[in-house]
Structures are given as structure tokens and as C-alpha cells.
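Undergrad: Quick one: this structure, given as C-alpha cells, is what I'll be asking you about.
The values are calculated or read from the model by the stated rules, or taken from the named source; none is laboratory data. Bear in mind the structure is a predicted one, so any value in this text is a computation, not a measurement. Cβ coordinates were reconstructed from backbone atoms using ideal geometry, including for glycine residues, and neighbour counts include every protein chain displayed.
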Ligand code: ZN
Ligand code: ZN
Ligand code: FE
């Protein structure tokens, strides 16, 4: 029996080869009708045997092109039969295509790869080949609707062969906006050696093998590359980039190569190969050819696979010394500055670092850093959400008529723009501590707002008065302003990505957040929904001697804990002998008098203190370093733990970690191995977080517990805590789509602002 139906598909289905995919499917199966792009997605009219139509609807999500993200399919059947010529792709009028979602940049697909290495193919060895299933998107889009003239590919006009592919719906390159080839597209050149074209690969290989630093222009910015097996070259890069200790990411040809220097689980292998190609944190093997300088004192390496044709060509090139095993590929910037992405600016800023530049003439319009992920409890947890992920939206649990901007926090900033049902979290912007990053922040708000057609009238921001993101929000005259408490934003960020209604319980552990009482929070037990929250308890307040400036000196927090434990006797303790007496006295005085020593309930600071007490890190060069080193130190099979106290006070439950510090010092004195003490510390944190979760559950009758905040990037902690919560009948919820750290704050702010506007 013949039937006719209309199918509406929502999601990321434009600019990803969706229409030609449906066209081919329809032709193959003798389905007649049409497909057209619409504001929210695509619409299809289809006519065929009823069984074939049912099969078609069934197959659409299953067979859809790799980049398509289907959010919803609705079908209307029983339409009267009509007359069609065949199946056609209808041109949509300009206006309707504007609200399409924008695809992120995507790694070279298998089809393009086989062309790249096939000597018969006309694109053999061409470093910029791509198709509708892969290649640059977000980074080259200047404006919408997404067509070639509004991308940085405008400068190149297609040759007749490329144009024919572009116009043929049966071709993989139908409407592939960055379509290009040797004859008509972008070209490579090596700046100092003035070499162009194919020879660049060989010359670049030589430079890298000689231990030189090469700046490589990529998809979302510049990388600085050196041979990862050459310790001297890595040290030289660190010195020139002024990056002393922070681990550097490395890229290697394939998963088999990665296995030579890292352990790889099935989940990690899948994650490495995702089209987004994130940097994945993997456990190092104890012996490998990778230079120790890449990630000193770290049990993990950040590793990723090639994601542009240029990367593939570099790793496949076989010179006299064989192939390149692995390259350090770190973002092209000086520490703390945003990624370089424009040619002249990059050449100026990287001139003192790079020995040569591997360049191309396709302009990068929007920069985006590499994303970073790890597998925790068998699933991906994103630590930095950027290239390959942004600007894919997160669908919230209900719609709102307001356009909203969430300004994010200070460190690891992202912004979030919202309209309809969708929250678009930006690429990673960075730490808003200097002028360059602040202008990147402002430019991202402008550009994303423009291409997503979001004109915010509501702005949500952190309650911290000093954050540059807060100050930006306060400058928006005439907008509805909604201040959001930092840890409430963490809670709602995780709730929003899982589309939970609430109220939920939350255990929020991070370094610093401005509390509703003006103190610095960071280990918060709360119950909340999108409108409001109640603080049910927290870690005991202790002074942070020297305030925020002391975050780079974890030993100061250690002294504060010791003072709380032993009081005045502190000065005679062995621990203090590691530091100049004047410094110890100054810290004690600050703590005693409360001078320049804000009260903090921060879990991050507790980790810092313990890291210093154990002699792991007394000083750090980047946030989270001491805590990370403490995690690395923990012996995984050790089950010991320490004491702690939980008290009921006026303001709620207070967890007192002083008994923990006492036991830990006892162990230290007794000569227990640091790895066991570190494990016992972690295990104790799991115990008191579990107990607090149970107490909150009893008090409220809720059983869902959100785990958010930067401390939950700690795999040792998260895996044990989730098991412990499940064991007592609670349901832990982890971040999966946005980071648990402050990179997720902007999403939480938006979710809260949306709810407050609805109830206002
Ligand atoms: Zn492709
Ligand atoms: Zn061409
Ligand atoms: Fe935070």
C-alpha cells in the first residue's frame, strides 16, 4: 500500500551532509518526495510503500552521517498521495537557514584519509582535503547562513572538478563548503626555509628530527611541536615558552603507537578515536621512549591522535630515521596567554619560541584550543571542552522566551548563550587574568551571539565582585542582571546537562567560590533546584593565610591546618623546619590575628595542605597542581583511612578534618610510605562525603547526589565515591558533557537565570 508522510528532524543536521544522505537513501529505495532545510533542522516529505516508509523513518537515525546529531524526529502520516518527479533537494530561502546549529570542527574521516594516501587520487597528499563528513567548520565561519562566501574559504574559488562535486547530491562533497584540492585550495609553506607544497612535509620532518621547535598552523590555532622522544628539544620548548612544569600534550600516529607508551582501556581507545579527537589523559607505561620532561612527576600523559590531513601526512612520512613516533603538540602561546591564531600576530608572538613556521593560507576565524577528556568510572569526563565539541548545544529541560548570556567564572572561563531550548557553551576561553584573554572573552560573546542569532537581554554572572566576567556583566546597561552563587551554578550545571528537574542533593568540591556569606566556599553540601539552594553543611572554615595570593603556596594552608591542630607548638614541629623561620612566624601571626586570612571551607585547599604536609608540593606553578600530584601519589590498592568529625551546628553540618590531620601526622612520624598516606587521605574524604550524603538524604528524602566542582576531576576520588554512594542506596550524578571544573559554570548560570526569569 502506498503512503505519504512528512518527517521533521531537529538537531545538528545542516552542514553535515544530511540532505545528500537522505537523498541517496530515498533514491536507493525508490522513495519520492523532497527534503529542505528549516530553522530547527530539516523537513522531509516522502511517498512510497508503507513498509518502506516505516523502514526509512527507522533507519534515519541509525544510518545518519557521523556529524549529524539528531535531537528529535516527528512523523505525520496518512497524508493524501501526491505526484512527485522523484526525490529532490529543495533550496531553502535565505531566512530560514539562519537558525541552524553550527557543527564543530571534525577530524579527517576514513574516506578522506584513504584518498590522502592513494597515489591514484587527485588529492593524493593534499593537506587540506575534507568532505561533508569532516574538516573545518566552526573555526572558519565568519557569519551565517553557513555557505562558502561567509567562511574563510571565500578567498579560494573552486576549480571545475571541485565545483562539480560540490553540486552533485550523489557526491560526498555535495555542499561541502571547505571543499578544495591541489589546484584550487589552500597551500602549505614553511616560512624560514621558504619551501612550499609537498616538500614542506619532508622539511618539517627534518627540522623536528633535528630537535627544532616548529610552529604548526592547525584548525583552531597554532601548535608548537617538538619531537617528544628528544628530551633536550622538550626542555628547550619549555624554557622558551616559559612553561616550567605543566604537562605537555603529545600526538601520535595511531592507537597501536600510543600503546607503546601508555596503557589503554577499550573506553580510552574509543574516546581517542571520537571525531572530536580530544586529548585523552592516559596512564604512562613505566618505561618508554617518551622524554620524562613531557609530563614530569606525572603518572598520566595527555595524548591525542592526528585530526587534520596535515597531521596524518607528518606522522606517515618515512625519512631516513623512520617515522616520527610522537610529537609534543602544545598550544601556540606563551603561558597564560590565549592561543595564537592569526598569521601576523602568531608570527610575532611565537618568533622567540619557534625555529620555523609550517603555515597555510586558510585563515582561522575563530580560535579553539584542543579539548581534554579522561575516562572516569568507564565513561568520558570532559576536562576542557573546546575544539570538536563547541559550539554543539545542550538541550535544557524546558523552553524559555528569553535570550540569556552566562558569563562564567574567572578561571577556565567559558561563556554560554541560550535561546529556545538550547544552551550553547563556548569553546574554552581561559583564565580571565589579562587583557588578551578578556578581549577573547568579549569577542567570543559577540561572534557566537551573531552566528547563533542570540541577542541576550538577561545576563547571569558569578557573585564574586572582582571577577572580570562579573564586571563585564555589570556593564550591560538595560539588561536583566542575575547574580549566581558559584557552587549553586556548579550544581545546576550538572543538573542541566542531565536534564534533571530537581531538587537534587549536591556535593560541590572545588578550590574557590564566593560564598553567600562573603567567605570563600569550596566543600559544600547543598540541596537545590534551578531557582534556589539551601546549604546543609560544609567543611570547617579555616583561615587561608595571605588570601588568594597564597594559592601558589600550598604550605601556607598546611601551616594553617597545623596551627588548628597543635596551636602555638607548631613552630617546633619538624614540618616547619623546611621553611625559613620568619616566613613561618609571619604565617602564624596572620592566622592568629586573622589578618589578610579569609576563612575558607575549600576542599581544594585541604588537598593543597595535605600535598604539602606529605612533602609532595609546597609551591605550585598552576592551579590544581598540588592536588593532582597528591592523586598521582596515592597507592591504588591501599584501604587504610583516618578519622574525622561531623558536628551539627547552627548553620548546618560541619565536617572537621582536624582528626584526619592528626592521624596523618602520626603516620608520617611512624614512617608510613607517602603513597599509603595519600591513599588513606583520599579514602577518608570518600568516607566523610559518603556520610554527609547519607545525612542529607535522611534529612530531605532525596537520593540523587550531584558531584560537581574541580576536585571531581580526580579519578581516584570519583571512582571510589560513586561506588560508596551506590552502596548506601544513593544515586550519584557525574558531569559528562561539560567539565566539572569552572568551565561548566556558564551553563549552570544560564539554567538558573532561565528558571528565575520564569518564576519572576
Ligand atoms: Zn572526509
Ligand atoms: Zn579544486
Ligand atoms: Fe568552582
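Undergrad: Search segment 202-231 for residues being over 27 Å from residue 386 (Cβ atoms) and in a helix (DSSP H, G or I), and hand back the single one that is nearest to ligand 3 (Cβ to nearest atom).
TA: 231
Undergrad: While we're on this one: Tell me which residues, restricted to segment 104-121, are within 15 Å of ligand 1 (Cβ to nearest atom) and either closer than 20 Å to residue 368 by Cα or part of a loop (DSSP other than H, G, I, E, B) (or both).
TA: The answer is 104, 105, 106, 107, 108, 109, 117, 118, 121.
Undergrad: Any idea which of 135, 86, 125, 149 is within 16 Å of ligand 1 (Cβ to nearest atom), modelled with pLDDT of 90 or more and over 29 Å from the mean Cα position of the chain (by Cα)?
TA: Only one candidate qualifies: 125.
A quick yes/no check of all residues on (1) under 23 Å from residue 147 (Cβ atoms); (2) in contact (Cβ under 8 Å) with a residue 40 or more places away in the chain:
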site: 59; (1), (2): no, no
site: 62; (1), (2): no, no
site: 66; (1), (2): yes, yes
site: 75; (1), (2): no, yes
site: 78; (1), (2): no, yes
site: 81; (1), (2): no, yes
site: 85; (1), (2): no, yes
site: 89; (1), (2): yes, yes
site: 111; (1), (2): yes, yes
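Undergrad: Considering each residue of segment 238-251, count those that are in contact with a helix residue (DSSP H, G or I) (Cβ under 9 Å, 6 or more places away or on another chain) and either in a helix (DSSP H, G or I) or free of Cβ contacts under 8 Å to residues at least 24 places away in the same chain (or both), and give that number.
TA: 1
Undergrad: Does residue 361 qualify as being within 30 Å of residue 142 (Cβ to Cβ) and in the same structural domain as residue 294 (by TED's automatic domain parsing)?
TA: Yes: the conditions hold for residue 361.
Undergrad: Please enumerate the residues belonging to segment 103-145 that are crowded, with 23+ Cβ neighbours inside 10 Å and over 18 Å from residue 276 (Cα atoms).
TA: Selection gives 126, 127.
Undergrad: May I ask you to say which residue of 22, 16, 42 is at negative phi, buried (at least 21 other Cβ atoms within 10 Å of the Cβ) and part of a loop (DSSP other than H, G, I, E, B)?
TA: 16
Undergrad: How many residues are more than 16 Å from ligand 1 (Cβ to nearest atom) and under 12 Å from residue 156 (Cβ atoms) when one looks only at segment 166-181?
TA: Selection size over segment 166-181: 0.
Undergrad: Only residues that are closer than 22 Å to residue 190 by Cα, in contact (Cβ under 8 Å) with a residue 40 or more places away in the chain and within 16 Å of ligand 2 (Cβ to nearest atom): list them for segment 113-129, please.
TA: Within segment 113-129, 116, 123, 125, 126, 127, 128, 129 meet the criteria.
Listed here are the residues, each with its yes/no results for (1) closer than 13 Å to residue 127 by Cα; (2) modelled with pLDDT of 95 or more; (3) in contact with a helix residue (DSSP H, G or I) (Cβ under 7 Å, 6 or more places away or on another chain).
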{"site": "161", "(1), (2), (3)": "no, yes, no"}
{"site": "167", "(1), (2), (3)": "no, no, no"}
{"site": "180", "(1), (2), (3)": "yes, yes, yes"}
{"site": "204", "(1), (2), (3)": "no, yes, yes"}
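Undergrad: (1) over 18 Å from residue 715 (Cα atoms); (2) surrounded by fewer than 20 Cβ atoms within 10 Å (Cβ to Cβ); (3) touching a residue at least 40 places away in the same chain (Cβ under 8 Å): which one isn't true of residue 673, the others all being true?
TA: Answer for residue 673: the failing condition is (3).
Undergrad: Do we find that residue 320 is loosely packed, with under 15 Cβ neighbours inside 10 Å, modelled with pLDDT under 95 and over 30 Å from residue 627 (Cβ atoms) in this structure?
TA: For residue 320, the condition - loosely packed, with under 15 Cβ neighbours inside 10 Å, modelled with pLDDT under 95 and over 30 Å from residue 627 (Cβ atoms) - is met.
Undergrad: Here are some residues: 711, 738. Which one is surrounded by 21 or more Cβ atoms within 10 Å (Cβ to Cβ), touching a residue at least 12 places away in the same chain (Cβ under 8 Å) and part of a helix (DSSP H, G or I)?
TA: None of the others qualify; the one that does is 711.
Undergrad: Can you run down the residue pairs with Cβ atoms below 7 Å, 6 or more apart or on separate chains, where the first is in segment 494-512 and closer than 30 Å to residue 550 by Cα and the partner is part of a loop (DSSP other than H, G, I, E, B)?
TA: 494/735; 508/709; 509/709; 510/709; 511/623
Quick grid of which residues meet (1) more than 25 Å from residue 689 (Cβ to Cβ); (2) within 16 Å of ligand 1 (Cβ to nearest atom); (3) surrounded by fewer than 24 Cβ atoms within 10 Å (Cβ to Cβ):
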residue: 522; (1), (2), (3): no, no, no
residue: 529; (1), (2), (3): no, no, yes
residue: 544; (1), (2), (3): no, no, no
residue: 549; (1), (2), (3): yes, no, yes
residue: 567; (1), (2), (3): yes, no, yes
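Undergrad: Given 728, 738, 733, which one is more than 16 Å from ligand 1 (Cβ to nearest atom) and under 18 Å from residue 527 (Cα atoms)?
TA: 733
Undergrad: Residue 651 fails exactly one of the following numbered conditions: (1) surrounded by fewer than 20 Cβ atoms within 10 Å (Cβ to Cβ); (2) at pLDDT 95 or above; (3) touching a strand residue (DSSP E or B) at 6+ places or on another chain (Cβ under 8 Å). What is the number of that condition?
TA: (2)
Undergrad: Could you pull out the residue among 177, 187 that is under 23 Å from residue 215 (Cα atoms) and within 16 Å of ligand 2 (Cβ to nearest atom)?
TA: On inspection, the qualifying residue turns out to be 187.
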